[in-house]
Every structure is written in structure tokens, then in C-alpha cells.
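A.B. asks: For reference, the structure I am asking about is given below.
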Amino acid sequence: MNTPILYTFRRCPYCMRAHMALKNAGIKIELREIELSNMPQPLLAFSTTSTVPVLQISENEVIDESWDIVKWALSQHDPENWLGDAKTYLLDAEILIETNDYSFKLDLDHYKYADRHPEMTQEQYRINCEEFIEELEDMLSKHRYLLADKITLADIGVFPFVRQFSLVDKDWFEQSDYPKTRNWLQGLIDSVLFQQVFQKRPLWKTNDLSVYI
């Protein structure tokens, strides 16, 4: 195979950041949009996680962690210097992603599905989420974006999850005390890059014609 294959699910925040990094890097991929409830056999055959995103680079090389896909894409080509000179932004981005992917993601899932987690109220789960949102608001008071006055890999890594947070209770989020986070989020949602990645595409099935983007 000459073209990497990305198995993805359009609304998944992990897939969003992986796909955005690949698109920004100008890496041509074969896109395979799948259903999470009906994972195709070719994916299950080589994925260790049985989830998405999964990037099959070659017959023998597979990346099945979204953040690793982001870093791999930027290692191939980083036209907008998301990593920074000498990878200046990488360490701070890694620290932020660790919080995002573990504690914030756990709180976010509880907030989204509070009825499945009656140990606390939805409001309490939201308050737990706000610890991370407050951190972002503070960062955005110093720069236009999280680490600088330009987009870095940290913004791409975090914003799909903040987008999910904002959609749980849109009315609350719109009047919340996080104006800088709202503006930052809306700017990324409105970006050409996100709109290109978030296009709706038909589900892939085995033996379908390839879709290259």
C-alpha cells in the first residue's frame, strides 16, 4: 500500500484531532468512515484497541492512538509550525493532553451521561469539568491560543473535547464565565481546516471503492 488508511468516526474527538493534523500536514490518506457499533473486520484484524482512529501507514506499521497520529503527521510535515521551533511547544502540549485525555475526559463522560452515573448530579460533574476549563481560560488570557498567539498542536489536541463539553448544555456554556474559551473554540470550529475534516461522508464497507482526500 502506498497511501496511509485512516479509520475514523466523524463525531469522535480523538478522530477529529488526528484527521486535522493529517490534513494540515498535507498527507494524502484513504479515508474509511466506520460505525463504532459495527467495526469492519480489516480494522479488527490489526487494531490493538478495537476503536478509532487507527492509521495504517503500511502493511507492518499501524498507529492506533490519536495523539501519536498527530505527532507522526507533524513529523512528516509541519507547514504552520504547530510543534514550534525545535519542538518548543511539544512538552507543554503533552502535559495539557495528559490532563485532557484522562481527568477531563472522565469528567466529561460523566457530565454527558450523568444519568448513567447517579453518584453525583450533572451539575457536580460539570463543576469538575470546569477545573480544566478554568485552566484553559487562564492560558487564553495570556495568548490568543493556548500556548502562543498562533495555533499549536495543543489547540488541535484539546479543542474537540471542549467542543463536546460546550454541547452538553449550550445555554449554560453561552452565558458561562469563560468568554475567552468560547471565542477560542468558535474560531477553531469556524476554521476551514475543521470544516473540511467535519464533512459528512458515506460509511465505508469492505470492498467499497477507495475514497482519497
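A.B. asks: Would you be able to tell me the number of residues in region 1-12 that are under 17 Å from V211 (Cβ atoms), modelled with pLDDT of 85 or more and hydrophobic (A, V, I, L, M, F, W, C)?
C.D. replies: 3
A.B. asks: Only one of these is touching a strand residue (DSSP E or B) at 6+ places or on another chain (Cβ under 8 Å) and not hydroxyl-bearing (S, T, Y): Q76, Q56, Q122. Name it.
C.D. replies: Details: Q76 fails: touching a strand residue (DSSP E or B) at 6+ places or on another chain (Cβ under 8 Å); Q122 fails: touching a strand residue (DSSP E or B) at 6+ places or on another chain (Cβ under 8 Å).
After applying the criteria, what remains is Q56.
A.B. asks: Surrounded by 18 or more Cβ atoms within 10 Å (Cβ to Cβ) and under 17 Å from the mean Cα position of the chain (by Cα): does that describe L106? Break it down into steps so the answer makes sense when it comes.
C.D. replies: Details: surrounded by 18 or more Cβ atoms within 10 Å (Cβ to Cβ): no; under 17 Å from the mean Cα position of the chain (by Cα): yes.
When the stated conditions are applied, L106 does not pass them.
A.B. asks: Collect the residues in region 155-171 that are of a type outside the set (A, V, I, L, M, F, W, C), in contact (Cβ under 8 Å) with a residue 40 or more places away in the chain and surrounded by 21 or more Cβ atoms within 10 Å (Cβ to Cβ), keeping them in residue-number order. It would help to see each step written out before you state the result.
C.D. replies: Here is the first cut: in region 155-171, the residues of a type outside the set (A, V, I, L, M, F, W, C) are 155, 157, 160, 163-164, 166, 169-171.
Still in the running and in contact (Cβ under 8 Å) with a residue 40 or more places away in the chain: 157, 160, 163-164, 169.
Within region 155-171, G157, P160 qualify.
A.B. asks: Restricting to region 45-75, count the residues that are among the charged types (D, E, K, R), surrounded by 11 or more Cβ atoms within 10 Å (Cβ to Cβ) and in contact (Cβ under 8 Å) with a residue 40 or more places away in the chain.
C.D. replies: Residues flagged as among the charged types (D, E, K, R), surrounded by 11 or more Cβ atoms within 10 Å (Cβ to Cβ) and in contact (Cβ under 8 Å) with a residue 40 or more places away in the chain within region 45-75 amount to 1.
A.B. asks: Please determine, by comparing only the residues of region 91-103 that are surrounded by fewer than 17 Cβ atoms within 10 Å (Cβ to Cβ) and of a type in the set (A, V, I, L, M, F, W, C), which one is farthest from E134 (Cα to Cα).
C.D. replies: Among those that are surrounded by fewer than 17 Cβ atoms within 10 Å (Cβ to Cβ) and of a type in the set (A, V, I, L, M, F, W, C), it is L91.
A.B. asks: Here's something else I'd like to know. At least 1 residues that are modelled with pLDDT of 95 or more, not assigned by TED's automatic domain parsing to the domain that holds P160 and not small (G, A, S) in each: list the helices (runs of 4 or more DSSP H) lying fully within region 13-109 that qualify. I'd like the intermediate steps shown before the answer.
C.D. replies: Numbers: elements: 13-24, 41-46, 66-76, 90-99.
Where helices (runs of 4 or more DSSP H) fall fully within region 13-109 and carry at least 1 residues being modelled with pLDDT of 95 or more, not assigned by TED's automatic domain parsing to the domain that holds P160 and not small (G, A, S), they are 13-24, 66-76.
Residues are listed down the side, and each one gets a yes or a no for (1) assigned to a loop (DSSP other than H, G, I, E, B); (2) touching a Ser or Thr at 6+ places or on another chain (Cβ under 9 Å); (3) closer than 17 Å to I189 by Cβ; (4) not assigned by TED's automatic domain parsing to the domain that holds M16:
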residue	(1), (2), (3), (4)
D138	no, no, no, yes
R144	yes, no, yes, yes
L147	yes, yes, no, yes
K150	yes, no, no, yes
D155	no, no, yes, yes
P160	no, no, yes, yes
Q164	no, no, yes, yes
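A.B. asks: A further question follows. Does any residue of region 174-193 turn out to be farther than 23 Å from K23 by Cα, surrounded by 10 or more Cβ atoms within 10 Å (Cβ to Cβ) and of a type in the set (V, I, T)?
C.D. replies: Within region 174-193, one or more residues are farther than 23 Å from K23 by Cα, surrounded by 10 or more Cβ atoms within 10 Å (Cβ to Cβ) and of a type in the set (V, I, T).
A.B. asks: While we're on this one: For region 194-208, which positions are touching a Phe, Trp or Tyr at 6+ places or on another chain (Cβ under 9 Å) and in a loop (DSSP other than H, G, I, E, B)?
C.D. replies: If we filter region 194-208 for residues that are touching a Phe, Trp or Tyr at 6+ places or on another chain (Cβ under 9 Å), which is where we start, we get 194, 204.
W204, the sole residue that qualifies.
A.B. asks: Which pairs have Cβ atoms under 8 Å, sit 6 or more apart or on different chains, and link a residue in region 138-151 that is acidic (D, E) to one that is assigned to a loop (DSSP other than H, G, I, E, B)?
C.D. replies: D149/H143
The values are calculated or read from the model by the stated rules, or taken from the named source; none is laboratory data. The structure displayed is predicted, hence computed values, not measured ones. Here the Cβ is made from the backbone with ideal geometry for all residues, glycine too, and neighbour counts use every protein chain on show.
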